[in-house]
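Scroll down for the structure; my scribbles are underneath it.
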C-alpha cells in the first residue's frame, strides 16, 4: 500500500512539469503571453523550480538543508506570482472600465502589503516549534489562496454585469487558480482538525493542481479572448461614470475639494429655493382676509 501511494505521488509530481510545458507552449503559440505575461512567467518559474529542486531531492533527500531552503524559497515565489496573477486577471476583466481599473490597482497594492505584514507578524508571534520562515510562507500562501477563491466567486457572480464570457482565457486562469486554492484551503482546515493525514493532503492537492493545469490547457487551446458584447452592463457603466465624476471632482487626489464643491452646491440650492419662495410669496393671489381688507379700504376712499 505504501509503495502504491509513493508511486502515485511520483507520477502526479512528474505530470506537473509536463503539463506546465504543454500549457506554456500553447500560450506562446496563441500569443496569449502578451495578455498574461505574469501567468506565462509563473509557468516558466514552475518548470525551472522542478528542474532545480528535483535533482537536489534525488541526490540529498528531503531532509537536506539545501532542499529545505530551495523548497520554501520556491513556495514564497509561488505565493507572490499567484498574487500577481490575480491582479493580472483583474486588469483583464476591468480593461474597458478605466476608472474601476485605476481604483483596483492601489487596492491590490495595499492588500499585498497587508498580507505581507500579517505574515511577518504571525511568524514573529509564533510560539510553536515550527520555523518562523515556514510559518510566514504558509500564512502568505493561505492569504493568497483565499483571495484566489474569492476572485473566482466574484467572476461567477458578476460576469454578466461585466460582460465577461466564461469561455475567456482570463476566466479560465481564474478558474484554475480558484479551484486549486479553494481545495487547498479546505484540505488545510481538515488537516488542522485531524480529519486527514499529511500524505492524503499532499496527494489530493497534487491531483487538484493537475486538474487546474488541464483547465488552463483547455482554455489556452480555445483561445477565446473576446468579451461578450451582447451583455447589458448598464449598471457597471454607472459605477464607471460615478468613479469618473469623483476623480474629476478631486483632481488633486484629495477629498477636501470634493467636499467643498458639495457644500457650495448645497448652499446654492438652498439660496435658489429661498429666492423661489420669495417670488411665490409676491405673486401669490390674495386670500380671503386680504380680499376683505382691500374691499374695506376701497369703501373708505369712496
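The sole residue among 113, 73 that is over 14 Å from the mean Cα position of the chain (by Cα), over 26 Å from residue 172 (Cβ atoms) and modelled with pLDDT of 80 or more is 73. Return yes or no: is residue 88 buried (at least 18 other Cβ atoms within 10 Å of the Cβ) and either assigned by TED's automatic domain parsing to the domain that holds residue 32 or at pLDDT 85 or above (or both)? Yes, satisfied. Within the range 47-70, the set of residues being over 30 Å from the mean Cα position of the chain (by Cα), over 25 Å from residue 213 (Cα atoms) and assigned to a helix (DSSP H, G or I) comprises 59, 60, 65, 66, 68.
Scanning the range 166-194 for residues that are outside any helix (DSSP H, G or I) and surrounded by fewer than 19 Cβ atoms within 10 Å (Cβ to Cβ) yields a total of 4.
The values are calculated or read from the model by the stated rules, or taken from the named source; none is laboratory data. It should be emphasised that the depicted structure is a prediction, and the values quoted were computed from it without experimental measurement. Don't worry about glycine lacking a Cβ; one is built from the backbone with ideal geometry, like all the others, and counts go over all protein chains shown.
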